[in-house]
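Take a look at the structure below.
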Amino acid sequence: MTKILLVNVVDEFRKRRIENESPSLATGYLASYLREFGDFNDITILNAGQSLTANYLRNFGVIGISSVTQNFNVAKQVATEAKKEADPLVIVGGHHITALPNNLTENMDVAALGEGEQTALEIIQSFRKNCLTLSKIKGVAYKTGNKLVITGKRALIRPLDKIPFPARDLLHISSHFVHMLTSRGCPYKCVFCSSSSFWKTTRFFSAKYVVDEISAIVAEYKPKRVNFADDLFIADKRRIRKIRQMILAEGLHREVEFHCTARANLVNHEVASLLKSMNVRNVSMGLESGSNRILQSLKGNSVSVEQNIKAIKILKRRGLTVSGSFIIGSPTETEKEIMQTYKFIERSKLDGGEIYVLLPFPGTKVWEYGDQRGQLTDFMDWSRFEIYFEDIPNRIMVSETLSRDELLGLLLRFKKLWGTRRRKTLLKEAVKHPFRTLPFIRRKLMRA
C-alpha cells in the first residue's frame with residue numbers, strides 16, 4: 001500500500017493566524033480526490049515544521065508539497081529532507097511552481113502545474129504500478145538531466161462538482177469557524193493577483209454542492225461561522241440567488257453566520273439584500289486605493305473610488321459589517337496618493353481591514369514589470385516575498401518614488417488606524433451581541 005504525505009508549507013502570514021483559522025484547503029481537496037478516484041486511503045496531511053525530519057519522512061512512498069512563493073524556500077527544505085534517508089516520489093504543486101516550473105530542484109521529482117487533483121492522481125497511480133512515465137501525463141514539469149520538460153496542458157476539471165468535499169477529517173479544523181470554497185478563479189485580472197493565471201478561467205460549484213457542503217460542515221463541526229474564501233463569491237448573481245434560496249429552505253441561516261468576498265462594482269441593493277437574508281454578517285472587498293489613478297493601475301477601468309464608497313454605504317445600510325484590503329507601494333505611487341488611501345479609510349464606515357505593500361508575485365503583471373527592470377530573477381531568495389513588509393529588511397518592493405523607511409513609516413500609520421478601527425468595531429459587537437461576542441472579546445481586543 002502506498003503511504004502518502006501531503007505537506008502544507010505554511011508561510012509566516014498563515015503562521016500568525018493558524019490557531020484561529022481553518023487550514024489551507026488545497027491539500028484537503030487533493031486527499032479527497034485521491035481517496036475517491038484512486039482508492040488511496042493511507043494519507044496524512046501535515047503543516048511544514050510538524051515532525052518533518054528525514055527519519056519521519058522515510059515512512060512515506062509519496063510526498064506532495066503545496067507551496068506559494070513566500071515559502072518556497074521551506075518547500076525546498078522539505079524536499080531535501082525527504083531524500084536524505086529514502087527515495088520517495090516528491091511532487092510539488094501550487095502557484096509558485098506553476099508560474100516558475102524551472103524552480104524544480106534535484107530533490108523534486110515532478111511538478112503538478114495548475115489544478116492538481118487529476119494530475120496528482122495520474123502521477124501516483126503510475127508510480128504505484130512501478131511504471132512512472134511522466135512524459136505521458138499532461139500538466140507536469142520534470143527534469144531530464146539539466147533539461148526542463150513541460151508536458152501538454154491539462155483540461156480543467158468539469159463540472160467542478162466532480163471534486164469531493166475536502167478531507168477535513170485530515171485537517172485541523174477550528175470549532176469557531178470553517179473556511180470553504182464555492183468557486184475557483186476570478187473573472188478579473190488585477191495586476192498583483194496570480195489567481196487568474198493559475199486557474200485560467202472562473203468555475204463554480206453548483207448551488208446544491210455548496211449548500212450540501214455547508215450542511216455537512218454544520219453537522220460535523222457546529223461552527224459559529226462559515227467563511228466563503230473564494231476570490232469573488234458574488235461573481236455570479238444567479239447562483240447567489242439559488243444558494244440563498246436553498247440555505248433558507250434548509251434553515252441553515254439560523255445555524256451559522258457567513259462571511260464572504262465581494263467586488264465594489266458588483267455590489268448593489270439586490271446583492272446586499274440577498275447576502276443579508278442568508279445571514280452573511282461580514283463582506284470583505286479588495287478596495288486597494290483611495291486614488292483613482294492607482295486603483296486603475298492595479299485593477300483596470302472596472303472599478304472606481306466612487307464605486308468603492310457606494311458599495312460600502314449599500315452594505316452598511318443592510319446592517320452588514322464591511323472589511324477592506326488596501327495596497328500601497330505601487331511603482332509610481334506618491335506619498336500624497338498613499339495619504340489619499342489613508343483619508344479614504346479614515347472617512348469610511350469600514351469596520352476593519354488590512355494594508356499591504358505591493359508584491360510582484362510570479363505569474364502577475366507586477367512580476368513582469370519588476371523583471372523588466374532587473375529587480376527579479378527566476379532564482380532568488382523567496383523569503384523576500386514575505387507578506388508582512390516590516391518583518392524582512394530586504395523584502396521585495398517595486399516603488400520608484402519612496403524608500404523602504406518611508407514606506408514602513410506610512411505602513412505603521414495605517415496599522416495604527418486599523419487597530420483603533422477594530423477595537424471600536426469589537427466593542428460595538430460586544431454591546432450588540434453580548435452572548436455571542438463576550439467569550440472572544442478579550443482575546444480579539446488584545447490582538448487588534
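Residues of the stretch 343-360 being outside any loop (DSSP other than H, G, I, E, B), more than 20 Å from residue 394 (Cβ to Cβ) and open to solvent by less than 30 Å² (accessible area, probe 1.4 Å), which ones?
The answer is 344, 345, 352, 353, 355.
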*Pairs, please: C-beta under 7 Å, at least 6 apart or cross-chain, first residue touching a residue at least 12 places away in the same chain (Cβ under 8 Å) and in the stretch 223-247, second assigned to a helix (DSSP H, G or I) and among the hydroxyl-bearing types (Ser, Thr, Tyr)?*
231/195; 244/277
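Do you know which residues across the stretch 349-374 are polar (S, T, N, Q) and at pLDDT 95 or above?
Listed by number, the list holds a single entry, 364.
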*When you look at residue 139, is it in contact with a helix residue (DSSP H, G or I) (Cβ under 8 Å, 6 or more places away or on another chain), farther than 14 Å from residue 5 by Cβ and of a type in the set (Gly, Ala, Ser), yes or no?*
yes
*Report, by residue number, each residue of the stretch 289-304 that is open to solvent by less than 10 Å² (accessible area, probe 1.4 Å) and part of a helix (DSSP H, G or I).*
294, 295, 298
*Would you call residue 363 open to solvent by less than 10 Å² (accessible area, probe 1.4 Å) and either closer than 19 Å to residue 194 by Cα or not in a loop (DSSP other than H, G, I, E, B) (or both)?*
no
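Name the single residue, out of those in the stretch 36-55 being under 23 Å from residue 173 (Cβ atoms) and of a type in the set (Ser, Thr, Tyr), that is most open to solvent (accessible area, probe 1.4 Å). Please lay out each step first, then the result.
The first filter runs over the stretch 36-55 and keeps only residues under 23 Å from residue 173 (Cβ atoms), leaving 36, 40-52.
Narrowing the set further to residues that are of a type in the set (Ser, Thr, Tyr) leaves 44, 51.
Details: 44: 41, 51: 75 Å².
Per the criteria, the residue is 51.
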*If you scan the stretch 366-391, which residues turn out to be under 21 Å from the mean Cα position of the chain (by Cα), open to solvent by less than 50 Å² (accessible area, probe 1.4 Å) and closer than 19 Å to residue 74 by Cβ?*
382, 383, 385, 386, 387, 388
_Pairs, first without any contact (Cβ under 8 Å) to a residue 24 or more places away in the chain in the stretch 377-402, second open to solvent by less than 20 Å² (accessible area, probe 1.4 Å) and basic (Lys, Arg), C-beta under 8 Å, six or more apart_ = 384/395
*Tell me which residues, restricted to the stretch 145-173, are out of contact with any Leu (no Cβ under 9 Å at 6 or more places or on another chain), without any contact (Cβ under 8 Å) to a residue 40 or more places away in the chain and either among the aromatic types (Phe, Trp, Tyr) or outside any loop (DSSP other than H, G, I, E, B) (or both).*
147, 162, 169
_surrounded by 19 or more Cβ atoms within 10 Å (Cβ to Cβ), of a type in the set (Gly, Ala, Ser) and part of a helix (DSSP H, G or I): which single residue out of 120, 141, 111 fits that description?_
120
*Within the stretch 174-200, track down each residue that is out of contact with any strand residue (DSSP E or B) (no Cβ under 9 Å at 6 or more places or on another chain) and in a loop (DSSP other than H, G, I, E, B).*
174, 175, 186, 187, 188, 189, 191, 194, 200
*asked:* Any residue in the stretch 61-86 that is within 12 Å of residue 48 (Cα to Cα) and open to solvent by 20 Å² or more (accessible area, probe 1.4 Å) sitting within a Cβ distance under 9 Å of a residue that is assigned to a helix (DSSP H, G or I) and of a type in the set (Gly, Ala, Ser)? List the pairs, counting only those 6 or more apart or interchain.
replied: 66/26; 66/75; 73/383; 74/383; 81/54
_Lone qualifier among 137, 123 - being farther than 13 Å from residue 63 by Cα, of a type in the set (Val, Ile, Thr) and more than 20 Å from the chain's Cα centre (by Cα)_ = 137
*So which residues in the stretch 371-406 are in a helix (DSSP H, G or I) and hydrophobic (A, V, I, L, M, F, W, C), if there are any at all?*
382, 385, 389
*Out of 323, 297, 302, which single residue is at pLDDT below 95 and under 25 Å from the mean Cα position of the chain (by Cα)?*
302
_Report every pair of residues separated by at least 6 positions or lying on different chains whose Cβ atoms are under 9 Å apart, first residue within the stretch 361-374 and within 17 Å of residue 395 (Cβ to Cβ), second among the charged types (D, E, K, R) and modelled with pLDDT of 95 or more._
373/400
*Within the stretch 28-65, work out how many residues are among the small types (Gly, Ala, Ser) and touching a Ser or Thr at 6+ places or on another chain (Cβ under 6 Å).*
1
*What pairs come up if the first residue lies in the stretch 303-321 and is closer than 19 Å to residue 273 by Cβ, the second is open to solvent by 10 Å² or more (accessible area, probe 1.4 Å) and among the hydroxyl-bearing types (Ser, Thr, Tyr), and their beta carbons are under 6 Å apart, counting only those six or more places apart or on different chains?*
312/348
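The values are calculated or read from the model by the stated rules, or taken from the named source; none is laboratory data. The structure displayed is predicted, hence computed values, not measured ones. With ideal geometry, Cβ positions are generated from the backbone for all residues, glycine too; neighbour counts draw on all protein chains shown. Each accessible area value is taken on the protein alone, full model and side chains, heavy atoms only, with ligands, DNA and RNA left out. Shrake-Rupley method; radii C 1.70, N 1.55, O 1.52, S 1.80 Å.
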